[in-house]
Amino acid sequence: MLESMLGPDVEVLTLVLALALAAALAYLVSEIVARGVRMVLVGIHGGDVRQMDLSSPIVRRPIRITRLVAFVAAFAALAVPAVGVAGVELGERFSPAVFTNWLLGSGLRILIIGLLTYLLIRVIASAAARLEAELGSDVSGDALEMVRRARTLSRLVQNGLTTLVTAVAILMVLRELQVDIMPVLTGAGILGLAVGFGAQTLVKDLISGFFLILENQVRVGDVAVINGTGGLVEAIKLRTIVLRDLEGTVHVFPNGSITTLANKTKDYSYALLEIGVAYKEDTDAVVVVLKDVAATLQEEPEWGAMVLEPLEVLGVDAFADSAVTIKIRLKTVPLQQWAVARELRRRIKKAFDAKGIEIPFPHMSLYFGEASRPFAVSPSGDAGRTSSGAELSVAQTSQPGDTPRPDDAPRPDDTAGRSGPSGT
């Protein structure tokens with residue numbers, strides 16, 4: 001089949017040997033160029049090859065790239081004469097003159113595009129490494145978490161920019177190869193438009209997650225309140241953030257939907273307490289007792305490691321119904337403010353009991369009201385006559401010791417209009 005394509009006068013073995021010879025010469029040229037680049041790098045490092053790490057990517061990769069480019073260029077230049085020596089007629093389109101013109105025109109531009117692409121990718125990698133070093137040097141918080149955050153961001157930036165640069169370089173190379181790239185650009189535009197309309201929420205989540213990680217607003221292990229829901233941060237991803245509350249319920253928030261975020265354990269925390277004492281107590285004496293309790297707590301190794309500063313008394317905060325409220329706070333390491341607050345309350349209660357300081361509590365008095373006086377039923381006039389002919393009247397009886405009221409006394413008009421029993 002190969003003979004039918006090349007023609008009956010062409011020897012396949014001769015063609016293969018000619019191409020192999022061209023490849024060998026191209027490899028020799030590439031090795032000479034690579035050695036020249038190595039000598040240049042050695043000269044940059046002061047001429048002492050022992051001070052230069054030849055296995056370093058900064059030294060090894062430029063040499064490899066130069067060797068590859070030199071081999072491709074030399075082989076392309078030697079392949080056409082080798083094929084002609086083997087007796088293959090390439091025609092005017094593939095004549096040495098046409099190929100030389102293409103090599104000096106489009107071929108040279110392709111070579112420059114490749115070199116610039118490589119340089120840009122190396123610059124991006126160097127910038128990503130510096131970004132990782134800068135973010136990883138933050139001593140606040142967990143060091144392992146800082147390293148993970150820096151690596152995630154650096155890889156994300158490096159991969160995104162590398163993909164963009166590579167795609168642009170490929171399109172430029174296709175144009176130099178006389179390939180119509182307009183359909184590719186049109187298809188990419190339509191695809192981008194479809195993704196923009198169909199995945200707006202996804203894009204919003206990804207961008208919000210990138211800046212959430214970049215600004216170090218919250219870390220894994222922090223206690224945060226997101227959109228009114230609090231919990232321990234279990235995972236921070238590029239699209240979502242995961243919280244677990246005290247009951248064990250897992251809450252997943254898309255990063256784009258976060259409107260409010262409160263971090264309760266950023267760098268340090270405060271154990272905030274409101275202590276209520278009776279109105280009769282001396283507030284200055286109470287403050288002295290509170291400071292003594294906090295100082296004793298801070299002197300103990302177990303609790304002193306959690307406390308960062310002495311007790312801060314904010315003062316009398318409110319006059320409640322039955323207590324005077326004194327607000328205090330104690331600066332602690334992150335995540336330990338609740339444990340310190342519980343222990344401080346326990347010790348304050350014992351200290352108040354020992355000093356006789358009253359902690360008031362609400363009292364409730366129940367009032368049942370006065371008992372109602374009974375009503376008596378007695379026969380009366382026609383107004384109280386029943387169907388059986390009996391007359392009834394309702395009169396409120398007086399209790400012993402009651403004083404007569406004006407309503408209880410008989411009215412004159414009632415006496416005059418009523419006919420009493422005949423006694424005469």
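The values are calculated or read from the model by the stated rules, or taken from the named source; none is laboratory data. Because the structure is a prediction, the values reported are computed rather than measured. All Cβ positions, glycine included, derive from the backbone under ideal geometry; neighbour counts span all protein chains shown.
For the residues Glu281, Glu300, the requirement of being acidic (Asp, Glu) and without any contact (Cβ under 8 Å) to a residue 12 or more places away in the chain singles out Glu300.
Which condition breaks for Leu344 when tested against (1) surrounded by 14 or more Cβ atoms within 10 Å (Cβ to Cβ); (2) over 16 Å from Ala294 (Cβ atoms); (3) not small (Gly, Ala, Ser)? Tallying (1) surrounded by 14 or more Cβ atoms within 10 Å (Cβ to Cβ); (2) over 16 Å from Ala294 (Cβ atoms); (3) not small (Gly, Ala, Ser), Leu344 fails exactly one: (2).
Residue check: Arg329 meets all listed conditions (1) surrounded by 17 or more Cβ atoms within 10 Å (Cβ to Cβ); (2) farther than 30 Å from Val233 by Cβ; (3) basic (Lys, Arg) but one, namely (2). With the condition kept exactly as written, say whether any residue in region 206-221 is part of a loop (DSSP other than H, G, I, E, B), farther than 30 Å from Arg109 by Cα and of a type in the set (Lys, Arg). There is at least one residue in region 206-221 that is part of a loop (DSSP other than H, G, I, E, B), farther than 30 Å from Arg109 by Cα and of a type in the set (Lys, Arg).
Of the residues making up region 157-194, those that are surrounded by fewer than 11 Cβ atoms within 10 Å (Cβ to Cβ), assigned to a helix (DSSP H, G or I) and over 35 Å from the mean Cα position of the chain (by Cα) are Met182, Pro183, Thr186.
On the given criteria, is Glu309 outside any helix (DSSP H, G or I), of a type outside the set (A, V, I, L, M) and surrounded by 11 or more Cβ atoms within 10 Å (Cβ to Cβ)? When the stated conditions are applied, Glu309 passes them. State the number of residues belonging to region 244-259 that are under 20 Å from Leu202 (Cα atoms) and touching a strand residue (DSSP E or B) at 6+ places or on another chain (Cβ under 7 Å). Looking only at that region, the number is 6. Selection over region 244-292 of residues that are assigned to a helix (DSSP H, G or I) and outside the structural domain of Trp303 (by TED's automatic domain parsing) gives a count of 3.
The set of residues from region 195-212 being more than 19 Å from Thr240 (Cα to Cα) and surrounded by 10 or more Cβ atoms within 10 Å (Cβ to Cβ) comprises Val195, Gly196.
Residues checked against (1) more than 30 Å from Thr201 (Cβ to Cβ); (2) at pLDDT 90 or above; (3) among the small types (Gly, Ala, Ser):
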{"residue": "Leu261", "(1), (2), (3)": "no, yes, no"}
{"residue": "Thr265", "(1), (2), (3)": "no, no, no"}
{"residue": "Ala271", "(1), (2), (3)": "yes, yes, yes"}
{"residue": "Asp284", "(1), (2), (3)": "yes, yes, no"}
{"residue": "Val287", "(1), (2), (3)": "yes, yes, no"}
{"residue": "Ala295", "(1), (2), (3)": "yes, yes, yes"}
{"residue": "Val313", "(1), (2), (3)": "yes, yes, no"}
{"residue": "Val333", "(1), (2), (3)": "yes, yes, no"}
